[in-house]
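Each remark here refers to the structure printed beneath this line.
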Amino acid sequence: MNISIELAEAFKEEVGKATSILIGTHLNPDGDALGSALAFSLYMDSIGKFNEVMCHHSAPRNLAFLPKVGEVKQVASRESYDLGVILDLDAMDRLGRTEPFFSTCKRIIVIDHHIPHDAPGDLRIVDVDAPATAVILTRLLQQIGAHITPDMATCLLTGIVTDTGSFRFRNTTPDALSTSAYLLEQGGDLNQISEEVFQSKPLSGAKLLGHVLNTMKLASKDRLAWSSISFEDFTRTGAKDEDTEGFVNEILFITSVQIAVMLREPKPGKVRVSIRSRGNFDVAEIAREFGGGGHKNAAGCVFDLPLQEVEDRLIRRLKDCWESS
Ligand SMILES: [Mn+2]
C-alpha cells in the first residue's frame, strides 16, 4: 500500500503544529492496537512532542513486554490537547472510558484498517485492505522520512504478527510480509514477540483449555461445535478471561467444524461469546441479532443473562441458520 503524498503532508502538518498529543486505541486492546499506539508514542518522544497513550483496559499479560506499555494511562493528565491520534479504531465508543478525554482535543487523526462505523476524525488515514493498522503506520512513517528505532519496529511488528495470526490468516498479503521484512531490518525483535505473545502461557490457562476441549459439544454432523467456561471454571483453575484467547480457534481448527463458539462467564451473570466460521457462513450477522458485531468469519457479543440460557438461545439460532443455509 502507498500513502498519498497529500495525506502524508497533511499528517505531518497536523503533528507539526501540535504541542500536546493524546494517543488512543480501542478497549480490550490487542497487539495491533497497543503496538501501533506505542510505536506512535515512541515516535512522538523521538521528535520531542509531549504525548500520552490512553486505553480503557491495561495491556493483557502477553503484551506486557511492549516498550513503554507501563506508561499507558486510563486518565489524562491535562485538561485539553492540541491533537488526538486514534489508532486501530472505527467508532469512538470503542475508546471506552477514555472517550471523554478525546473530546478535549482540538483535532483528531484516525489511522485504521477497519470498515468504518461512524468514520470519526478530522483527518482519516484509513485503508480497509491493510492487514493491520501497524502496516499503515509504518508506511506513513516511511513516507514522512521518520526514523524507526528498534523499539518502534518491535511494536509495529507485534501489530502485524498478531493481526495476521502469525502470517497464517488471509490478510497475510505481500504488503504484510514486505512491511515485516522492513521492520526486521530496523531491528524489530521477532524472537521476543514469538516468545512473549505465543509461547508464555500460564499453566492455569492450559488446564482450562483441557477442560474446554473435554466438555466441547457438537451438533449438525459435527459442523457446529461449542464449549462454555463458567465463572466456577475460572475460579477453580485460576485462569483469567484473557487466557482464553485463541480457545475458539482450537475448536474451529477441527477438520469437520465450520462454526465454533466459545462462551465465557468471567463474572457471574456476564457472558462473553466469540463465534468463528469458515467459508461463507456470516457469523457477524448472527452476532448483530444479539447486539454484537464483527467480521464475517469472526464475531462476538455480550449478554447479561445466565450462561445456560445464552448457550441455549445462541446455539439454537446457529443450528437453524446452518441447517437452512
Ligand atoms: Mn488491527
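Derivation of every value follows stated rules applied to the coordinates shown; laboratory data play no part. None of the values given here were measured: they were computed from a predicted structure. Reconstructed Cβ throughout: ideal geometry from the backbone, glycine too, with neighbour counts over all protein chains shown.
Odds and ends about this structure:
- Additional length obtainable on full extension of the chain from Arg168 to Arg278, 0.36 nm per residue less Cα span: 38.2 nm
- Size descriptor, Kirkwood hydrodynamic radius, that averages inverse alpha-carbon separations across region 169-325, Å: 16.9 Å
- Counted over the chain with a bin width of 20 Å, the fraction of Cα pairs per bin, in whole percents, is 31, 56, 13, 0.
- Once the chain from Ala219 to Phe231 is taken as fully extended at 0.36 nm per residue, the excess over their C-alpha distance is 1.9 nm.
- Exposure proxy shown here: for Tyr182, Tyr81, the number of other Cβ atoms within 10 Å sets the order, fewest to most, as Tyr182, Tyr81.
- GluC sites (Glu not before Pro) restricted to region 41-143 and DSSP loop, no more than 14 other C-beta within 10 Å: Glu79
- Segment Leu203-Ile47, extension gain: residue separation times 0.36 nm, minus the distance between their alpha carbons: 51.9 nm
- Counting only alpha carbon atoms, the long axis of helix 307-324 and the longest principal axis of the chain meet at about 90°.
- Measuring against 29 Å, Cα to Cα, the residue pairs Lys73/Lys201; Lys68/Lys296; Lys106/Lys270; Lys12/Lys68 contain Lys68/Lys296; Lys106/Lys270 as the ones spanning a longer distance.
- Centre separation in Å (Cα based) which lies between region 58-129 and region 261-278: 26 Å
- GNM remark for the chain: springs join alpha carbons under 10 Å apart, and the peak mean-square fluctuation among Ala219, Ala206, Ala39 falls on Ala219.
- Simple Cβ-charge dipole of region 265-325, Lys/Arg +1 and Asp/Glu -1, about Cα centre, in debye nearest 20: 220 debye
- GNM flexibility winner over the chain from Met54, Met152, Met262 (Cα, springs under 10 Å): Met262
- Cβ-derived FRET efficiency at R0 45 Å, Ala10 paired with Glu245, nearest 0.05: 0.80
- Local net charge near Ile5, Cβ-Cβ under 13 Å (Lys/Arg +1, Asp/Glu -1): -1
- Mean residue ellipticity, 222 nm, helices only, the chain: the sum of -39500 (n - 2.57) across DSSP H runs of n ≥ 4, divided by residue count and rounded to 500, is -11500 deg cm²/dmol.
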